[in-house]
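Every number here is computed from the coordinates shown, using simple stated rules; none is lab data. None of the values given here were measured: they were computed from a predicted structure. Here the Cβ positions follow ideal geometry from the backbone for every residue, glycine too, while neighbour counts run over all protein chains shown.
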Amino acid sequence: MSDWWSMGGYAAYVWSSFGVAAVVLVWNMVWPYVQLRQLRRRLRQEEEQV
Amino acid sequence: MLMRWFHQLGSPPYFQMLARRLSPWLAVPAVLLTAWGFYAGLVHAPPDYQQGDAFRIIYVHVPAAWLSLFVYTAMAVAAVIALVWRMKVAEAFVIAAAPIGASFTFLALVTGSIWGKPMWGTWWVWDARLTSELILLFLYLGVMALENAIEEPRSAARAASLLAIVGVVNVPIIHYSVEWWNTLHQGPTVTRFDAPAIEWSMLLPLLVSALGFTLLFAWLVLVRMRVILLRREAGSRWVREWLQNP
């Protein structure tokens with residue numbers, strides 16, 4: 001197991017690559033839904049004011 | 001029949017309904033395939049005989065790089081449709097695809113750089129493949145910046161579309177750069193006319209994560225397009241119906 005984590009001496013390179021990938025992919029998945037929610041809230045408020 | 005579908009798809013309320021229905025069918029396989037591809041690439045694929053375990057970076061790098069080209073090409077096709085037929089949905093696709101494409105390009109550049117350090121002994125070289133991929137990132141950022149800079153949404157989308165179309169010349173340059181120039185970046189391994197020069201147990205996780213990335217793009221571009229169209233059509237009946245009944 002610790003053998004696997006060490007990635008034949010390339011641990012820093014392999015894990016940082018997959019780490020960056022995880023951050024980029026999660027950001028891609030979360031951000032549009034945050035925007036959708038913010039838009040819904042904003043439009044609802046405008047609707048109520050009218 | 002096809003023309004009718006094309007017209008329906010061009011209508012924002014119809015598009016919104018279709019996109020909402022499709023989302024879960026894209027999201028679930030996208031996440032599962034990407035996760036399995038990464039897992040199999042890290043655990044099951046054997047170490048490369050030359051590069052050892054460092055080659056596992058390709059399971060991120062190659063799908064990201066493929067998608068960076070695929071997304072740009074799709075964006076340019078949508079840009080033509082947006083300019084010729086003035087289709088709002090196509091305009092939304094151009095604007096929605098750019099940040100996703102930019103993020104994949106960024107990922108390809110960063111992971112390539114991380115791989116380059118132990119394998120080539122340098123983070124970066126001004127090699128034709130690397131330079132043209134960097135230009136791709138600037139093209140994506142240019143499309144985003146241009147769209148942001150123009151106040152009126154439809155002229156903004158048209159300007160962004162025009163830049164997207166002009167920039168598409170860079171796509172074949174990136175693809176063929178490893179053949180046209182003597183690059184440090186290696187030539188194609190998977191997309192050769194004869195059999196791929198890669199072991200099946202190494203190739204399968206790569207293809208699966210590439211498919212996962214593609215579905216991820218399809219899912220997320222639809223969500224971003226919904227946000228753009230809802231914002232633009234705020235006040236219209238279909239948006240009000242959505243607000244009451246999300």
Anything in region B:111-138 that is touching a residue at least 40 places away in the same chain (Cβ under 8 Å), farther than 29 Å from B:ALA164 by Cβ and either out of contact with any helix residue (DSSP H, G or I) (no Cβ under 9 Å at 6 or more places or on another chain) or in a loop (DSSP other than H, G, I, E, B) (or both)? List them, or say none. B:TRP120
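Residue-wise test of (1) over 23 Å from B:ARG231 (Cβ atoms); (2) within 11 Å of chain A (Cβ to nearest Cβ); (3) part of a helix (DSSP H, G or I).
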| site | (1), (2), (3) |
| --- | --- |
| B:GLN8 | no, no, yes |
| B:MET17 | no, no, yes |
| B:ALA35 | yes, yes, yes |
| B:PRO46 | yes, no, no |
| B:ILE57 | yes, yes, yes |
| B:SER68 | yes, no, yes |
For region B:84-128, which residues satisfy the criterion of being within 12 Å of chain A (Cβ to nearest Cβ), surrounded by fewer than 21 Cβ atoms within 10 Å (Cβ to Cβ) and of a type in the set (Val, Ile, Thr)? B:VAL110
Consider B:HIS61 against the criteria (1) part of a loop (DSSP other than H, G, I, E, B); (2) within 11 Å of chain A (Cβ to nearest Cβ): it satisfies all of them except one. Which criterion is unmet? (1)
Does B:PRO99 fit the bill of being more than 23 Å from B:PHE213 (Cβ to Cβ) and either in contact (Cβ under 8 Å) with a residue 60 or more places away in the chain or not in a helix (DSSP H, G or I) (or both)? no
Mind telling me which of the residues B:VAL110, B:VAL84, B:VAL60, B:VAL71 ends up being over 21 Å from the mean Cα position of the chain (by Cα) and among the aliphatic types (A, V, I, L, M)? B:VAL84
Residues within region B:3-56 that are under 30 Å from B:TRP200 (Cα atoms), surrounded by fewer than 16 Cβ atoms within 10 Å (Cβ to Cβ) and of a type in the set (S, T, N, Q), tallied: 1
Is there a residue in region A:32-46 that is touching a strand residue (DSSP E or B) at 6+ places or on another chain (Cβ under 9 Å) and facing chain B (nearest Cβ under 9 Å)? no
I'd like to know if region A:11-25 contains one or more residues that are facing chain B (nearest Cβ under 7 Å) and not in a helix (DSSP H, G or I). no
Assuming B:ALA79 fulfils every condition listed in (1) more than 14 Å from every other protein chain (Cβ to nearest Cβ); (2) surrounded by fewer than 20 Cβ atoms within 10 Å (Cβ to Cβ) apart from one, which condition is it? (2)
Selection within region B:224-246 - more than 9 Å from chain A (Cβ to nearest Cβ) and buried (at least 21 other Cβ atoms within 10 Å of the Cβ): B:MET225, B:ILE228, B:LEU229
Do we have any residue at all in region B:129-149 that's within 14 Å of chain A (Cβ to nearest Cβ) and among the hydroxyl-bearing types (Ser, Thr, Tyr)? yes
